[in-house]
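The values are calculated or read from the model by the stated rules, or taken from the named source; none is laboratory data. Not measured: the values here are computed from a predicted model. Cβ placement follows ideal geometry from the backbone for every residue including glycine, while neighbour counts extend to all protein chains displayed.
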């Protein structure tokens, strides 16, 4: 089964538009101005689902889809956020607690309706929604059983649109998990760049290994405990990448990758983590008050080694050669750091496969994010050229 | 591309993402963040109180395979001017402010940086439209976030080290 990248882009676009409509409905119902942060789609395994959802307590509204697109959609709030939404709805409608719960369900119904609206047109076939179900769960159980089962077997496509209120502390996600077989068929085009779907997951495994290597390198250089928290291969509109990284200030390094695939690799530390890591790399009690030349030198050196470790397995598995440039040191808003990277890739593609790995350092004291953005067509070519395996 | 209608929701702040734009005829504050090599272009007609902001990413559309007009300087500026006029602005009364176009990263490939090409093309096109650039904060090697307040006719620029200036 092959996935046509253009079709995947098309579905991502439909989901983005759907999320905008859902956000507008919510704004109209509650008077709270909403902003859609980003919509991404990834093919996730059971492990990734566990990493993504574990330890959080959710309230959700679940609806099944039937017809032209089969699967499940879930509007999921972390518990505190759901309570906040209930308060907002109470204020807006002046109703009781019980009604607020049912209005969360009704709200989910309206929002998911908005989200799916437009998909039927694209597919040329009606999509029916089953009645909304109010759910509460801890961890991945907030997702429907079928989806978790599918993730165990062959992976499941997970669409996620993040919505955030502009003036109050309210954020949540709309998840869509289409039924695997039907969706893979919908994604199979006859032209354009195609990637065999099983190799996409093979590449995700490779990326996970790379993140493990990079985490190991940090451990070796600093003597601190490190652990890969989350690693995911996402398919996102390029313009959404800076927003996903956010406006916080980061210290890091940017590399160009040369070879097949070419692309970019960005390693970002929050300022505190950068200082911790840098001082751990120095002998004695050396540390800097502000981010200066010492931190810069340490982060560049570490970034270099991490990057080699990260992409090490790629060339072996893909049977190609990949090199990286010397590190470009950056210390700025995350979104601004990403802007020239997406600009460079943006001359050739509209969407990107982003490998996004988070490494925890020293327990939860520090963290490091690695973003790898391979050239989409070259990645497709390299993956397609692989000899078929079992 | 995302188009916002001015009457579609009762907010007084609007966040504009990359390759997006907004035009307003009231005092809604227009915000965009994370301008690195990207360029934020604000057009303002104080006579008719029409304000517009676009966050463009690349100079010209022929470089890319998609055609989201708000993503490029060469299609984004005409789009913003048209939308401003449709909202009641007068081209002769428009003034421009441009921010961003920095060189965050020294890439080994490809001549001039995206940032400097974005700036050069924006200056050229605004000149062709006869729209004066009344303020700018461009180039350098750092990122910027901006907010335009139509009530004051002022554009505030913030950098990562929390420094702000207004043009």
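Key figures
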{"quantity": "Those residues of the range A:1-19 which are surrounded by fewer than 18 Cβ atoms within 10 Å (Cβ to Cβ) and part of a helix (DSSP H, G or I), in sequence order", "calculated": "A:6, A:7, A:10, A:13"}
{"quantity": "Residue check, residue A:257 within 14 Å of chain B (Cβ to nearest Cβ), modelled with pLDDT of 90 or more and within 17 Å of residue A:6 (Cα to Cα)", "calculated": "no"}
{"quantity": "Members of the range B:76-99 that are in contact with a helix residue (DSSP H, G or I) (Cβ under 7 Å, 6 or more places away or on another chain) and buried (at least 18 other Cβ atoms within 10 Å of the Cβ)", "calculated": "B:76, B:77, B:79, B:81, B:94, B:96, B:98"}
{"quantity": "Looking only at the range A:361-378, and only at residues there that are surrounded by fewer than 22 Cβ atoms within 10 Å (Cβ to Cβ) and within 23 Å of residue A:5 (Cβ to Cβ), the one that is nearest to the other protein chains (Cβ to nearest Cβ)", "calculated": "A:377"}
{"quantity": "Checking residue A:323 against (1) in a strand (DSSP E or B); (2) surrounded by fewer than 16 Cβ atoms within 10 Å (Cβ to Cβ); (3) in contact with a helix residue (DSSP H, G or I) (Cβ under 7 Å, 6 or more places away or on another chain), the condition it does not meet", "calculated": "(3)"}
{"quantity": "Residue in the range A:107-125 that is outside any helix (DSSP H, G or I) and within 25 Å of the chain's Cα centre (by Cα) present", "calculated": "yes"}
{"quantity": "Candidate set: the range A:210-245, residues that are facing chain B (nearest Cβ under 10 Å) and in contact with a strand residue (DSSP E or B) (Cβ under 8 Å, 6 or more places away or on another chain); chosen: the one nearest to residue A:42 (Cα to Cα)", "calculated": "A:237"}
{"quantity": "Qualifying positions in the range A:157-209 - touching a strand residue (DSSP E or B) at 6+ places or on another chain (Cβ under 9 Å) and part of a loop (DSSP other than H, G, I, E, B)", "calculated": "A:166, A:167, A:170, A:179, A:188, A:189, A:190, A:191, A:192, A:193"}
{"quantity": "Test: residue in the range A:289-298 that is in a strand (DSSP E or B) and away from chain B (no Cβ under 14 Å)", "calculated": "no"}
{"quantity": "Unmet criterion (only one of (1) crowded, with 22+ Cβ neighbours inside 10 Å; (2) under 30 Å from residue A:87 (Cα atoms); (3) touching a helix residue (DSSP H, G or I) at 6+ places or on another chain (Cβ under 6 Å)) for residue A:176", "calculated": "(3)"}
{"quantity": "Residue in the range B:97-111 that is over 28 Å from residue A:375 (Cα atoms) and more than 14 Å from every other protein chain (Cβ to nearest Cβ) present", "calculated": "yes"}
{"quantity": "Given (1) surrounded by 19 or more Cβ atoms within 10 Å (Cβ to Cβ); (2) outside any helix (DSSP H, G or I); (3) at pLDDT 90 or above, number of the condition residue A:358 does not satisfy", "calculated": "(1)"}
{"quantity": "Residues located in the range B:135-167, provided they are surrounded by fewer than 14 Cβ atoms within 10 Å (Cβ to Cβ) and within 11 Å of residue B:97 (Cβ to Cβ)", "calculated": "B:166"}
{"quantity": "Single residue of A:363, A:313, A:297, A:319 found to be free of Cβ contacts under 8 Å to residues at least 40 places away in the same chain and outside the structural domain of residue A:8 (by TED's automatic domain parsing)", "calculated": "A:297"}
